[in-house]
């Protein structure tokens with residue numbers, strides 16, 4: 001054996017439904033060279049090295065269907081490409097973005113395999129592939145590999161490239177509702193839905209979140225004045241411009257007091273329960289460094305609570321806890337913080353964790369708290385001595401079920417007064433299950449863009465379905481966020497059909513987006529020349545907030561190299577299958593492979609939609625069984641046996657009968673147009689009737705289609 005090196009020949013990110021699965025995948029063509037003659041059971045020590053480096057492989061069921069299934073295959077003998085698939089999937093999980101789908105398939109060329117695995121982010125998928133290749137090669141060659149370092153690099157990339165957990169919970173909730181999502185940037189800006197029906201989110205902010213309301217919420221003093229005017233209890237307070245003014249205000253309000261930036265965020269610069277001039281003036285300096293203005297306000301005794309308001313209801317609530325350490329007579333305060341607080345697995349520096357680590361050099365409020373106890377970071381508390389570290393901003397215990405209806409009503413009113421649609425309302429009170437006024441509680445802040453992690457990862461209590469609540473707020477029950485999408489695939493006639501369907505749809509007064517080989521059209525206006533039959537062009541149509549209906553051409557290159565630009569469609573048109581040899585560059589060898597390509601379009605038809613299939617092409621007609629929705633056949637032969645059987649079973653079809661375009665539904669027949677109409681006469685008759693069938697399947701009325709056919713003119717091709 002002379003060549004045992006894995007070589008990646010090409011990599012494609014299929015960012016949409018494809019021949020492998022409904023969701024985005026990385027597809028790599030991998031040449032395993034002479035390893036074709038060396039399955040895993042013939043490589044000494046390979047099993048032991050892989051299981052030592054990646055113990056989680058035991059959870060991979062593989063084709064066996066049981067825990068340990070892949071390891072059974074590894075012991076018995078499997079090929080390097082299949083092993084690579086599982087290594088890459090495992091690395092995704094170790095990096096914090098678990099993915100469960102993968103496949104490896106032979107091609108007609110010796111030693112060359114196609115390896116596909118799901119990855120929601122292209123950069124992360126490619127990095128996992130690179131790391132997996134290096135790891136597997138080291139295991140085959142019996143050389144060293146630093147798994148910990150590789151996974152650490154992948155985790156750092158995930159922190160940069162993956163959507164945050166708060167955004168992810170909303171995206172997952174949308175997926176559960178079958179609402180399509182599109183990531184618009186490398187960050188957390190997400191489009192949910194298509195065209196005119198779309199909404200946008202940026203973590204817990206939406207396109208309904210007013211910029212004016214955000215500005216109000218960031219000004220704590222203004223917020224209090226506005227919500228107080230509506231009868232909501234708030235602490236007394238005033239803006240001050242110097243340490244002396246802070247103390248004067250504290251005397252007027254009455255000790256103890258709170259000193260904080262007027263635009264306080266995440267608890268930064270906030271000092272509470274201050275009861276001396278020294279503490280107040282020191283706190284003023286800390287707050288002034290964090291914000292524009294400094295606010296001194298009445299201290300409200302009790303627990304901090306964060307209530308998440310979505311729309312017109314409280315959907316989650318957490319209680320904050322004081323954080324302290326207990327001395328052992330040996331360790332410094334700083335060491336105790338690291339061992340007793342920062343060791344909490346819920347704390348960290350990245351956004352996937354609900355609580356921050358406490359770093360004394362970055363937490364002046366903690367240093368002030370220590371000074372009030374005559375301590376500093378180097379002090380060594382006596383054994384058993386409790387040292388208070390933080391009094392606020394540690395929301396951890398879920399109390400959603402305990403919130404009193406009057407407290408919830410106050411929170412919702414506060415959010416409406418500010419003008420937000422989603423907000424975190426900070427409430428301080430002794431008992432969240434009692435009205436605020438009776439216990440001297442108060443609303444102390446309303447926060448735009450609230451964090452969701454505290455509700456997703458509470459220390460005690462129930463995880464709250466906050467993502468589902470936000471999706472329901474944006475898309476009430478029955479709203480799918482979808483506009484009618486007509487996808488046109490097949491070996492021939494795609495652009496001609498797409499143009500006709502777009503014409504018919506816009507004759508109904510709709511703003512139609514069209515992406516086809518001739519270019520990109522928006523509302524009947526051409527905006528690009530040619531190359532419109534691509535993933536990018538299709539996605540551009542669906543991103544346009546004016547689009548009320550979309551017509552998108554998908555040739556074989558889109559399906560095989562890019563993935564479909566939409567997740568599902570209202571109508572899926574399939575013309576002809578062609579020959580496998582036309583797709584030989586993608587290793588399409590026979591009719592089975594070819595059928596797998598074209599079924600991609602039919603698989604995407606919604607249950608409420610329809611597949612429009614060529615009854616005169618046996619392979620295309622045979623895909624009818626795969627449609628989740630209805631089926632419309634079209635044919636140039638009035639006596640087509642496929643049509644006859646379909647109509648007899650109650651189906652619908654369009655066909656040519658001499659010069660007439662006829663539509664049939666079960667027992668009814670109606671002439672809907674003439675082949676001799678000027679615009680239609682220029683079209684291949686197959687594509688004319690296919691376009692008519694697609695328009696009818698999309699819900700256009702027969703008489704409207706009839707009228708629009710008379711005025712159709714095919715665009716001139718450049």
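Expressed as a whole number of Å, what is the distance separating the alpha-carbon centroids of region 153-232 and region 643-718? Rounded to whole Å, the Cα centres lie 45 Å apart. Each Cα pair under 8 Å and six or more residues apart adds its separation to the average, and for region 637-718 the resulting relative contact order is 23 percent.
Once the gyration tensor of the Cα atoms in the chain is diagonalised, the equivalent ellipsoid follows with semi-axes of 58, 37, 19 Å, ordered largest first.
Using only Cα atoms and rounding to the nearest 10 degrees, what angle (0 to 90) does helix 122-141 make with the longest principal axis of the chain? Roughly 90 degrees, rounded to the nearest 10. Can you give me the C-alpha center-to-center distance between region 503-547 and region 291-315, rounded to a whole angstrom? Region 503-547 and region 291-315 have Cα centres separated by 47 Å. The convex hull around the C-alpha trace of region 608-677, projected and averaged over every direction, spans 4.7 square nanometres. Mean separation of Cα pairs under 8 Å and 6 or more residues apart, divided by the residue count, gives region 485-711 a relative contact order of 19 percent. Rg then Dmax, both in Å and based on the Cα atoms of region 495-556: 10.1, 31. Using C-alpha pairs under 8 Å with a sequence gap of at least 6, the mean separation divided by the residue count of the chain gives a relative contact order of 11 percent.
What fraction, in whole percent, of alpha-carbon pairs in region 485-711 exceed 23 Å separation? Please report the intermediate quantities before stating the final value.
Working: 10798 of 25651 pairs.
So the portion of pairs separated by more than 23 Å is 42 percent.
Rounded to the nearest 10 degrees, the angle from helix 685-697 to the longest Cα principal axis of the chain is 40 degrees. Sorting 430, 343, 379, 635 by the number of Cβ atoms found within 10 Å of their own Cβ, with the fewest placed first, yields 343, 430, 379, 635. Helix-only arithmetic for the chain: the sum of -39500 (n - 2.57) across DSSP H runs with n ≥ 4, divided by the residue total, places the mean residue ellipticity at 222 nm at -10000 deg cm²/dmol. Taking Cα atoms, how many degrees apart are the long axis of helix 702-711 and the longest axis of the chain, rounded to 10 and kept between 0 and 90? Taking the Cα atoms of the chain, the angle to 702-711 is about 70 degrees.
Each of 239, 444 was scored by other Cβ atoms within 10 Å of its Cβ. Listed from fewest to most, they are 239, 444.
Sorted fewest first by neighbouring Cβ atoms within 10 angstrom, 561, 421 come out as 561, 421. Enter the Cα centre distance for the pair region 453-482 and region 385-411, rounded to the nearest angstrom. About 20 Å separates the Cα centre of region 453-482 from the one of region 385-411.
Work out the P(r) tail for region 7-160: percent of alpha carbon pairs separated by more than 28 Å, whole number. Could you put the intermediate results ahead of the total?
Working: 1405 of 11781 pairs.
Of all Cα-Cα distances in region 7-160, 12 percent exceed 28 Å.
Ellipsoid semi-axes for region 560-603, based on the Cα gyration tensor and the rule √(5λ), read 20, 12, 8 Å when sorted largest first. Applying D = kT/(6 pi eta Rh) to region 236-299, where Rh is the Kirkwood radius over alpha-carbon pairs, T corresponds to 20 °C and eta to 1.002 mPa s, the Stokes-Einstein value obtained is 199 µm²/s.
Taken together, the values in this text are just the output of simple stated rules run on the coordinates, not laboratory data. Keep in mind that what you see is a predicted model, and the values were worked out from it rather than measured. Virtual Cβ from ideal backbone geometry, glycine too; neighbours counted across all protein chains shown.
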